[in-house]
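Presented below is the structure to which this report refers.
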Amino acid sequence: MKKGFFEKLVQLSPDMICSFDRQGCFLFVSNACKDIMGYENRELVGLPVIDFVHPEDRSKISSVLKDLPQGETTVNFKYRFIHKSGHPLHLLWSATWSEEDEAALCVVRVAPEHPAVGQRLREEQHQALVEHSSDTIALLDEAGNYLYLCNSIRKTLGFAPEEVMGKNAFDGVHPEDLPKVKESWLELGSKDHVQISDYRFRKADGNWIWFETIVSNQLSNPAIRAMVVNARNITERKISELQLVESEQRFRSLFDNNPDMILVEDREGVILDINAAGGVFEGIPREKILNRHFSEFLPTEAVTVSMKHHLDTLSGKTCRFKLEIACLSQSYKVYDILKVPIHVNGKITGVYTLVKDITAITQYHNTVVEQAKKLNTIFESITDAFFTLSRDWHFTYINSEYDRILETNREKLLGKNIWEVYDEEIFKTFYQQYHYAVETGKSVHFEAYLERKDVWLEVKAFPSTEGLSVYFSDVTEKVRSKQELEKLSLVASKTTNGIYITDAQGFVEWVNEGFTRLTGYILPEVKGKRCSSFMQEPGTDKALARRILEKIKQREPFEEEVLSYKKSGERIWVSKNITPVLDDTGQVSRYIVIQNDVTARREAEEAQLELTKDLDKQYRDLQQFTYIVSHNLRAPVANALGYTQLLFRVDNNSELYDISLKNLKTSIINLDMVLKDLNQILSIRDNKDTIEKEKINIRLICQQAVDSLQESLQACGGEVFLNIGKETLLPGNKAYFYSIFYNLLSNAIKYRSPERALKINIKYACDASQNVVLTFSDNGSGFNMEKAGENVFKLYKRFHRTVEGRGIGLFLVKSHVEAMGGHIEVSSQENIGTKFSIYLQ
């Protein structure tokens, strides 16, 4: 036979085969010891056999163990062994001694029971089971009073059995459960047993536990004569059930009241349940959604991706994805979809699908992203270097200009503490200024030297709740140039000319004492300002401003004379010699301006110009006067002389005498009219500078002129429309205004169109410079502007030969307007009408 055969045979035997030495200690025990004695073989080897024998049988087994080495053989020796569970076990031993092995060889099996012994053993076993049972076992009489209680009551209820013996079991039942328990108890009158499920019973400490109880009616059993109660503590199970119910209720509440749509789908994707949020999906009632495949409610392009995630979820994954779906109510909707597998008894039976409408969030997010891009673009387009710090001084943003100026890599700086990066600046200017801004909440503006990079920086820092936003630019050249200029200023400060220096944008950096003497301004009042902002008025010659700007662009020195104002408000003419200072790259870094007061010369030139204008005017007036004398005055004088001589030669009673006398009278009348015109013209000219002005109600004067011509207007069917406020007041001369309106109205009536009714519109308005504009327009016959040319307002010029007139009306209108400091313009079209525009200051 093969080696190990007998060893296998021993281990497979249902009898326990063992050996022990002369001291009675186990040397070997087969595997059957587990089934017979309850011990593993390793728990016995090395231990004395006597330790496992019932105390009453130890003396008997000791003698047997002592006789075995003498050659005695024992067959079917019966004794009691203590089982591992503690109860006695009757065994039969057969043993013999082996001199060769110096050990006893023994076969052990369970002894057949004697009926009395078996009965006692069964009773003992039953008692052991009762006493050690986790259930509470009790005997009650017919009224429910305790007759017997097992020891497990100590562990279950905290009572000793003797504490409750004789008491009524119903007293411990929870009041809410008592009716149910008593109802079941009464059923024992007609049943052998009843089951009372899920009721509460009070413990010794006053707390309640849950019992599930079976009551057997053994009153007729002579061996028992009691109600046998087996109560099992189901508190943990009941709490779990209650928690499960509560959890299910919470889940159902969350399911039903969740603002997001929740669907329950089977493995095929058929919708089994849907909550209230999904009760109406795009107008579909809930009942028409149930028991249909979810793909029926999706556009074609969304089905494939949704099915893929559904299948992935069935494999045990939790899937999350987004769907963008076009819809009727708006351009599109975006859904955030979460699919979770449903596990039942270790198997995936379906899928929970949570659908959240994130359209608004997505649109907001997209807007935020776009705004962030725009903000980043703005930050990157800022010509200054820019960075932001958190409240704990860590870099949160740096633009590209920062990297350029300080030669850094912003990716390596972001998230770092500025004072760890620039530790040499702690307690210096940057550190002090930044801390001041954060601590006070006030912005700071300063210049400071960064030694590490040998640069001067102009810094603006603005605090906020998030931290600090900082702008800076490299002003090294500016500072060094300023330092050089300060040296030159010692020389410039002593000159009598006014000198000031500006940066490339024209902002004043320095002025000398001569500038202060000339203008009245000191450096602190003008530093950082443009001279045009405090030395010139808004109405300064725009052509001059454009000319200066063009010369500045050429980057070459130039000179201009500018009307300026001192601090006191006094007008002065200043000659400015402007010299640009160029840097190494050819760009303007600043301007040096030397200015001289040329007011006296300019005033003399202006006086000379006014004198020239006056002489020119007098010359033109003289020409006009010569024209009047040579034409209008000469003709009536010559006629009068001729008729006078003729009167001396003809008979006083002849018809020729009467005719000559009549013509002489006409000539004298015409001569008088010419003289009156000359007198009026000369009066206007002489009184031009002495005219008295007063506040005139312009509408009232205009209405007076209309009223004086009312008869003529009615005769021709003409209408006048006045668009002038009732309380409109203008400074001027009342007689001049009346003459202006009267002459314009009479001309409109005189030169009206025969084809239509005359309409005259008189309006008052103000132009962009707040100058008054009076417009007088009609729909009369008009005249040819090209033929009239410059003769429109000249004396005795007429353009309608078919209508009587003297050609003095428009001349007087123009003279009156100019005498009040204004000017007049005219536009006209033949057969359409004429418009006069009067501009007054």
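What to note about this one:
- For the range 211-362, relative contact order (Cα pairs under 8 Å, six or more residues apart, normalised by length) works out to 17 percent.
- Sorting 730-742, 173-185, 265-277 by their mean Cβ neighbour count within 10 Å, with the most densely packed peptide first, gives 730-742, 265-277, 173-185.
- Taking Lys and Arg as +1 and Asp and Glu as -1, the other residues whose beta-carbon sits under 10 Å from that of residue 234 total -1.
- Proximal aspartates and glutamates relative to residue 416, as straight alpha-carbon distance under 12 Å, when same-chain residues fewer than 8 apart are discounted: 392
- Karplus-based coupling profile of the range 172-184, in residue order and whole Hz: x, 7, 4, x, 5, 9, 4, x, 5, 5, 5, 4, 5, with θ = phi - 60° in 6.51 cos²θ - 1.76 cosθ + 1.60 and x standing for Gly or Pro.
- Per residue solvent-accessible surface (Å²) - the range 688-840, probe of 1.4 Å: 54
- When you restrict to C-alpha pairs under 8 Å that are six or more residues apart and normalise by the size of the range 688-840, the relative contact order lands at 24 percent.
- Within the same chain, lysines fewer than 8 places from residue 726 are excluded, and of the rest, those with a Cα less than 19 Å from its Cα are 695, 734, 763.
- Heavy-atom accessible surface of the range 160-209: percent carbon and sulfur, 1.4 Å: 47
- Both radii come from the Cα set of the range 3-110: Rg as radius of gyration, Rh as Kirkwood radius; their ratio Rg/Rh reads 0.94.
- Alpha-carbon centroid distance for the pair the range 576-615 / the range 145-178, whole angstrom: 120
- Mean Cβ neighbour count within 10 Å, used as a protection proxy, ranking 584-596, 644-656, 407-419 highest first: 584-596, 407-419, 644-656
- For residue 87, residues with placed amide H under 5 Å, excluding near neighbours: none
- Calculated from backbone phi, Karplus (6.51, -1.76, 1.60) coupling profile of the range 785-794 in Hz, x at Gly/Pro: 5, 5, 5, 5, x, 8, 8, 4, 9, 7
- In this Cβ point-charge picture (+1 for Lys and Arg, -1 for Asp and Glu), the range 690-780 has a dipole of about 60 debye about its Cα centre.
- In the calculated pair-distance distribution of the range 258-363, the portion above 25 angstrom amounts to 15 percent of the Cα-Cα pairs.
- Taking a sphere under 10 Å around the Cβ of residue 40 and counting the other residues whose Cβ falls inside, with K and R at +1 and D and E at -1, yields a net charge of +2.
- Binning the C-alpha pair distances of the range 1-43 at 10 Å intervals from 0 yields a P(r) profile of 28, 49, 21, 2 %, listed from the shortest bin outward.
- For the range 371-482: rounded, prolate or oblate by the Cα gyration tensor [a/c cutoff 1.5]: rounded
- With θ taken as phi - 60° and the Karplus curve 6.51 cos²θ - 1.76 cosθ + 1.60 applied, the whole-hertz 3J(HN,Hα) list for the range 96-101 is 8, 9, 10, 5, 4, 9 Hz, x standing for glycine and proline.
- Set 478/542; 317/373; 182/203; 478/553 screened for pairs whose C-alpha atoms are more than 26 Å apart: 478/542; 317/373
- Once the 1.4 Å probe is applied to the protein heavy atoms, the range 3-110 comes out at 57 Å² accessible per residue.
- The packing ranking of peptides 71-79, 476-484, highest mean first, is 476-484, 71-79, where packing means the average number of other beta carbon atoms within 10 angstrom of each residue.
- A cut-off of 5 Å between modelled amide H atoms, ignoring neighbours fewer than 5 places along the same chain, links residue 589 with 581, 582, 583.
- The residues of the range 127-240 present an accessible area of 57 Å² per residue when probed at 1.4 Å with all protein chains retained.
- Local net charge near residue 837, Cβ-Cβ under 11 Å (Lys/Arg +1, Asp/Glu -1): 0
- For residue 44, the amide hydrogen comes within under 5 Å of no other amide hydrogen, counting only partners 5 or more places away or on other chains and with H modelled in the peptide plane.
- Accessible surface of the range 733-776, 1.4 Å probe: 50 percent of it comes from carbon and sulfur atoms.
- Heavy-atom accessible surface of the range 258-363: percent carbon and sulfur, 1.4 Å: 57
The values are calculated or read from the model by the stated rules, or taken from the named source; none is laboratory data. Note that the structure is a prediction, hence the values are computed from the model and not measured. Backbone-built Cβ (ideal geometry, glycine too); neighbour counts: all protein chains shown. In case anyone asks, the SASA skips ligands and DNA or RNA and just uses the protein heavy atoms, side chains included. Shrake-Rupley method; radii C 1.70, N 1.55, O 1.52, S 1.80 Å.
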